[in-house]
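Working notes, beginning with the structure itself.
Bear in mind that the values in this text are calculations on the coordinates, not laboratory data. Note that the coordinates shown come from a computational prediction; the quantities given were computed from them, not determined experimentally. Note that each Cβ is placed from the backbone with ideal geometry, even for glycine, and that neighbours are counted across all protein chains shown.
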Amino acid sequence: MTNPEHYAAARAAGRLNLVPFVSVDHMMALLRAEGVGRALEEIAAHVEADFLRWPDFEKTPRLASHSLEGVIELMPTTDGRDYAFKYVNGHPKNLRDGLQTVTAFGVLADVATGYPALLSEMTILTALRTAAVSALAARALARPESRVMAVVGNGAQAEFQILAFRRLTGVREARLFDLDPWASEKCLRNLAGFDIRATVARTIEEAVEGADVITTVTADKSRAAILTDNMVGAGQHLNAVGGDCPGKTELHPDILRRADIFVEHPEQTRIEGEIQQLAPDHPVTELWRVLAGQAPGRRSREAITLFDSVGFAIEDFSALRWLRGKVAAGAPCLQIDLLADPDEPRDLFGMVRRAGLQPD
Ligand code: NAD
């Protein structure tokens with residue numbers, strides 16, 4: 001349906017003010033109905049399709065508001081037809097207070113009218129899309145026979161990461177490590193029944209030694225060196241997810257100098273990613289170019305490949321686009337009264353007045 005037809009039909013039905021809202025409950029119901037593996041696969045396909053038309057998008061590093069304890073970010077993009085933005089925070093210290101490190105919500109809107117078309121929770125959706133993008137990158141960059149992944153940091157993102165690799169790559173074994181043993185045990189429990197061999201390592205060395213893929217997904221607002229140079233061997237693929245903010249990194253810079261580095265949007269990653277530790281002109285390859293066949297991925301079996309993930313707006317756009325399709329196909333949502341919709345567009349005050357407003 002073209003946009004004018006859509007709005008004419010909505011007006012005729014008296015629903016022009018209503019916008020579908022996908023709550024956390026709705027998202028969980030959707031995942032129950034779809035299965036998480038299928039959702040991850042479909043989101044990855046949407047991201048890949050959008051990465052293949054990368055030049056169509058308006059791109060800007062996200063707008064970040066930093067505080068001592070964390071960051072609040074707005075992530076906008078558009079392809080000229082749809083517009084999306086996500087609100088997301090990153091507060092590692094929240095964990096101490098029993099709060100999430102990352103929470104998010106977002107909007108998809110119609111560029112032709114500027115009207116919002118979908119409002120959604122994005123805390124779960126961000127975990128899904130981050131994992132889907134990590135697996136997409138690994139499918140293009142890791143050695144094809146990769147079977148074993150180490151996951152350092154077993155918090156909110158961890159299971160999503162593992163299940164995306166299980167679904168999209170040949171990974172069948174996950175070695176878990178976290179400074180907090182509770183987190184690894186939680187992860188192990190949550191993965192029960194998912195056809196992935198998961199074990200808890202006693203040390204980070206035990207987790208990463210000989211693994212085909214190493215995912216770092218810790219949260220600490222510091223220049224951490226979760227992985228040091230001696231822990232990384234020839235041929236490994238590194239999926240560095242947790243370093244996503246100025247002053248917040250996970251890899252020792254010596255690793256970066258040995259690795260072939262792949263990024264989302266270089267202008268954003270140079271500010272936020274592991275490569276903030278390198279010279280501003282250090283060569284990196286945009287992941288979309290590898291997916292589009294415009295740039296080489298892995299050069300040799302021995303090469304160390306690094307996906308320096310920070311999370312980019314186009315991935316959220318793709319995830320919301322996926323969700324819009326699900327809502328259109330009947331996925332649970334609530335129609336919320338989000339848009340003021342007077343019968344005559346200029347009579348906004350009249351609408352308020354007719355609702356009972358008295359002169360004061
Ligand atoms: P979380 O707080 O739920 O979990 C982080 C885990 O890391 C905790 O269990 C903590 O004990 C562990 N940890 C901290 N320091 C460690 C260390 N030195 N060694 C081992 N484990 C350690 O956080 P989360 O929601 O899972 O997010 C993890 C990170 O991923 C955050 O930094 C977040 O900002 C980032 N993130 C990135 C993207 C992206 O697109 N790149 C998306 C979402 C989240």
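For the pair ASP360 and ARG172, label points projected 7 Å from Cα toward Cβ lie 6.9 nm apart. Of the DSSP H helices in the chain, those with a Cα length along their own long axis of 20 Å or more and a mean Kyte-Doolittle hydropathy reaching -0.5 comprise 36-51, 123-141, 313-328.
In units of the rule-of-thumb radius 2.2 N^0.38 Å, region 169-315 shows an alpha carbon radius of gyration of 1.06.
Take the Kirkwood radius over Cα pairs of region 238-349, plug it into Stokes-Einstein at 20 °C and 1.002 mPa s, and you get 126 µm²/s for translational diffusion. Estimated translational diffusion coefficient (Stokes-Einstein, Kirkwood radius over Cα pairs, 20 °C, 1.002 mPa s) of region 1-111: 125 µm² per second.
Within region 215-312, the GluC sites (Glu not before Pro) that combine a DSSP coil assignment with at most 12 other C-beta atoms in a 10 angstrom radius are GLU302.
Of interest is the spacing of the C-alpha centroids, which for region 253-268 and region 281-360 amounts to 26 Å.
DSSP assigns beta bridges within the chain; of those with both partners inside it, close to 50 percent run antiparallel. P(r) for the chain, please, calculated from all Cα pair distances in 10 Å bins and given in %. Using 10 Å bins, I get a P(r) of 5, 24, 32, 22, 10, 5, 2, 0 for the chain.
Beta-bridge orientation, region 190-294: approximately 10 percent antiparallel, per DSSP, counting only bridges with both partners inside.
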